[in-house]
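Report on the following structure.
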Amino acid sequence: MMQICDSYSQKHSLFNAMNRFIGAVNNMDQTVMVPSLLRDVPLLLEELDSGGGCAEREAQLTPNGGTYYSHRDMYSHYVLLKSIRNDIEWGVLQQAAEEATGRKKDKLNGGPGSVDISRGIAEDGEVEEDLEKQFHYHLSGLHTVLSKLTRKANVLTNRYKQEIGANNWGH
């Protein structure tokens, strides 16, 4: 059987980022025995920032001076992370097909991203360079998002352990 070495270059691969995210969500799913306990429990902005959230979003102050994210409780983060994991594992076939159909209609009707046929077609080199740039841009973005989501799953797992008073689980 062939072993895969997690070298420095492989550490930054998209495949490994997806595996780390899926592993973190699986760990969260196994740790959170009663997801309903997460309802109405806010995540502090500091926790979200370390977990990859955005501090610029709307926030409110708690009576003790802490800041919490006003729109999502821990339960909604839990559901979101599990949904993203399922999308990665099983795909988003129905939603992706509907979006692709909508984009084709926009392009044909002169919407955003439409092609002006009268200007001619760009040369192959330009198209390939553009595709390569787009690929690297989106690959980098996807890797960044997966890293943030992985940290968010880990933060949620640790916060759940704190909430139920089981800080020494798994040690």
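The values are calculated or read from the model by the stated rules, or taken from the named source; none is laboratory data. These figures come from a predicted structure and were not determined experimentally. Ideal geometry is used to build each Cβ from the backbone, glycine not excepted, and the neighbour counts take in all protein chains shown. The area values use the complete protein model at the heavy-atom level, side chains included, leaving out ligands, DNA and RNA. Shrake-Rupley method; radii C 1.70, N 1.55, O 1.52, S 1.80 Å.
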Mind listing the phi-derived Karplus ³J(HN,Hα) values for region 19-36, rounded to whole Hz, using 6.51, -1.76 and 1.60 with θ = phi - 60°, and x for any glycine or proline?
5, 5, 5, 4, x, 5, 5, 4, 4, 4, 5, 6, 6, 7, 7, 10, x, 5
Roughly what would the spin-label model give for Leu80 and His12, points 7 Å off Cα along C-beta, in nm?
2.7 nm
Ordering Tyr75, Tyr137 from largest to smallest accessible area (1.4 angstrom probe), what's the sequence?
Tyr137, Tyr75
Between Val92 and Asn158, what is the FRET efficiency for a Förster distance of 25 Å, r being their Cβ-Cβ separation, to the nearest 0.05?
0.30
Might you work out the accessible area of Phe135 for me, using a 1.4 Å probe with all protein chains in place, and round it to the nearest 10 Å²?
120 Å²
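What FRET efficiency, computed as 1/(1 + (r/R0)^6) with R0 = 41 Å and r the Cβ-Cβ distance, is obtained for Asp40 and Val127, rounded to the nearest 0.05?
0.20
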Ranked by accessible surface with a 1.4 Å probe, highest first, in what order do His143, His12 come?
His12, His143
